[in-house]
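The values are calculated or read from the model by the stated rules, or taken from the named source; none is laboratory data. Here the structure is a predicted model, which means the values were calculated and not measured. Cβ: placed from backbone, ideal geometry, glycine included. Neighbour counts: every protein chain shown.
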Amino acid sequence: MPDTLTITDNRTGKTYEIPIQDGTIRAMDLRQIKVSDDDFGLMSYDPAFKNTACCRSAITLIDGERGILRYRGYPIEQLAEKSTFLEVSYLLLHGELPNKAQYDGWVDEITHHTYVHEFLKEAMRGFRYDAHPMGKLVSMLGALSTFYPESKKVRDPEVRKRHIIKAIAKMPTLAAWAYRHSLGQPYVYPDNELSYVGNFMAMLFKLAEPKYEPHPVLERALDVLFILHADHEQNCSANAMRSVGSSEADPYVSLAAASAALYGPLHGGANEAVLRMLQAIGSVDRIPEFIEGVKNGKGRLMGFGHRVYKNYDPRARVIKNLAHEVFEVTGKNPLLDIAVELEKIALEDEYFVKRRLYPNVDFYSGLIYQAMGFPTEMFPVLFAIPRTTGWLAQWQEMLTDPEQKIARPRQVYVGAGERDYVPMDARG
Ligand code: ACO
């Protein structure tokens, strides 16, 4: 059987044979389908990219029907159990797991680029005390671009590599400083003796103690959460990263754009929204009333549903188990009972079953973050730090793909036809 698609255009009676590769046809192959010589040619219309592959990617695989997530072929469950976040970053960016020397070199490089320019402290001072940390992070990423004009040479692999390392290394510092700024506490400088996550915790939580010692269970839990959030193929923020990066903008402004996309409550802002939702529900007995409200269109069950997963999000399962380990240290988050009951009721309810709505990564992550002492506004920031690796891997892949060009979608114009300008005093 040939791997082709035969299309008959009923407007003209003409037939076209279009190749099928990897389960896709090329949208450009449709352009030959015309009703006349001056016809532009057929386009596909796909608002929100629901059925359009925008790239060929070898980084992350999601099988949403079966609830599978793999980075470079490795199942997320195995990575969460056996790997570390920095090893996973290496894997995502390089395609293979590092050997010992490669791993040590990678950790060493990231560890030695964690400091940021002192002027950034001044820039941070410009924000009001109650500025949302995501707004600060987006701005600080844009500001970093001004410190590294060299990073504009996005076609130079050595320059790219240097700034990939810098961006991954500096994200925790910017994030922690955004947090300390909200508290009015002095910034804590990176401690190179700690792990990536341990150092982040120190920059967040260290007070007068001479040496901050992260709790090993919490340090590992945050590392696992970072692994789970490191990449998720072509989601809204990865698409923003690729799209902005395709104009050859430097990686820092592209990361600012990706972070801005992540900030929205339908994406990385969802874990914050979940917490607010659980707080608003307040007690288990009010869940049925809340569910009825959702079914009647009064808001969504946040942390449920996904564009790609039509099955249990595998990350949600890992996080649910992790929650118990964390709560043994921190004490149980009282909102957990509401979350567990809400999940149970929703998974049995016809509305959610019919629409194949399952918990996503954000349903339980906020509970862990809250138990660990993070304020709700920091949740999307905690997502942005590890996702920086994924964004950079996607960006690098886009830049090295000879088929990619500046991203420039088409439109179906539905506005007014040509008309003459009307002077203001003659308008109705
Ligand atoms: N609660 C109630 N109903 C929902 C929910 C939800 N969380 N999600 C989807 N639906 C319903 C929709 O109302 C729609 O119903 P209809 O067919 O009767 O109109 C149907 O399910 C399909 O929903 P869409 O909005 O078309 O699905 P889409 O793929 O566009 O949206 C999204 C996916 C944005 C994640 C959505 O499920 C949602 O808003 N979830 C809540 C926010 C959330 O948790 N986001 C985090 C996503 S994971 C991440 O970014 C890390």
request  = Could you please give the count of residues in the range 281-294 that are closer than 23 Å to Pro265 by Cβ, of a type outside the set (A, V, I, L, M, F, W, C), part of a helix (DSSP H, G or I) and in contact (Cβ under 8 Å) with a residue 12 or more places away in the chain?
outcome  = 0
note = From the option list Val159, Val154, Val107, single residue qualifying as hydrophobic (A, V, I, L, M, F, W, C) and free of Cβ contacts under 8 Å to residues at least 12 places away in the same chain is Val159
ask   = Which of (1) more than 14 Å from the ligand (Cβ to nearest atom); (2) among the charged types (D, E, K, R); (3) part of a helix (DSSP H, G or I) does Arg276 not meet, given it meets every other one?
value = (1)
task = Report whether or not Phe119 is touching a residue at least 40 places away in the same chain (Cβ under 8 Å) and either touching a His at 6+ places or on another chain (Cβ under 8 Å) or aromatic (Phe, Trp, Tyr) (or both).
result = no
task = Answer yes if at least one residue in the range 24-41 is within 16 Å of the ligand (Cβ to nearest atom) and either modelled with pLDDT of 95 or more or touching a helix residue (DSSP H, G or I) at 6+ places or on another chain (Cβ under 9 Å) (or both), and no otherwise.
result = no
query = Give me the pairs: first residue in the range 57-86 and part of a loop (DSSP other than H, G, I, E, B), second residue at pLDDT 95 or above and among the aliphatic types (A, V, I, L, M), beta-carbon distance under 7 Å, and six or more apart or on different chains, which are they?
reply = Ile59/Leu92; Ile59/Ala393; Arg72/Ile59; Arg72/Leu91; Arg72/Leu92; Ser83/Ile227
ask   = When the residues of the range 371-397 are filtered to those that are within 16 Å of the ligand (Cβ to nearest atom) and either β-branched (Val, Ile, Thr) or in a loop (DSSP other than H, G, I, E, B) (or both), which remaining residue is surrounded by the fewest Cβ atoms within 10 Å (Cβ to Cβ)?
value = Thr376
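Based on what the data block shows, is Leu225 away from the ligand (no atom under 11 Å from the Cβ) and closer than 30 Å to Thr60 by Cα?
yes
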query = In the range 345-370, how many residues are away from the ligand (no atom under 13 Å from the Cβ) and crowded, with 18+ Cβ neighbours inside 10 Å?
reply = 4
task = Could you check, for the range 230-246, whether at least one of its residues is closer than 21 Å to Thr114 by Cβ, in contact (Cβ under 8 Å) with a residue 12 or more places away in the chain and out of contact with any Gly (no Cβ under 9 Å at 6 or more places or on another chain)?
result = no
remark   = Only unsatisfied item for Pro172, checking (1) over 14 Å from Leu382 (Cα atoms); (2) within 26 Å of the chain's Cα centre (by Cα); (3) of a type outside the set (A, V, I, L, M, F, W, C), is (1)
task = Examine the range 277-291 for a residue that is within 23 Å of Thr173 (Cα to Cα) and more than 11 Å from the chain's Cα centre (by Cα), and state whether such a residue exists.
result = no
Single residue of the range 302-325 satisfying the filter (hydrophobic (A, V, I, L, M, F, W, C) and buried (at least 23 other Cβ atoms within 10 Å of the Cβ)) that is farthest from the ligand (Cβ to nearest atom) = Ile319
ask   = In the range 288-301, which residues are surrounded by 18 or more Cβ atoms within 10 Å (Cβ to Cβ) and more than 6 Å from the ligand (Cβ to nearest atom)?
value = Phe290, Ile291
key: Filter result for Val107 (of a type in the set (Val, Ile, Thr) and part of a loop (DSSP other than H, G, I, E, B))   = no
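Out of the range 163-190, which residues are without any contact (Cβ under 8 Å) to a residue 40 or more places away in the chain and surrounded by 17 or more Cβ atoms within 10 Å (Cβ to Cβ)?
Ala176, Arg180, Val188
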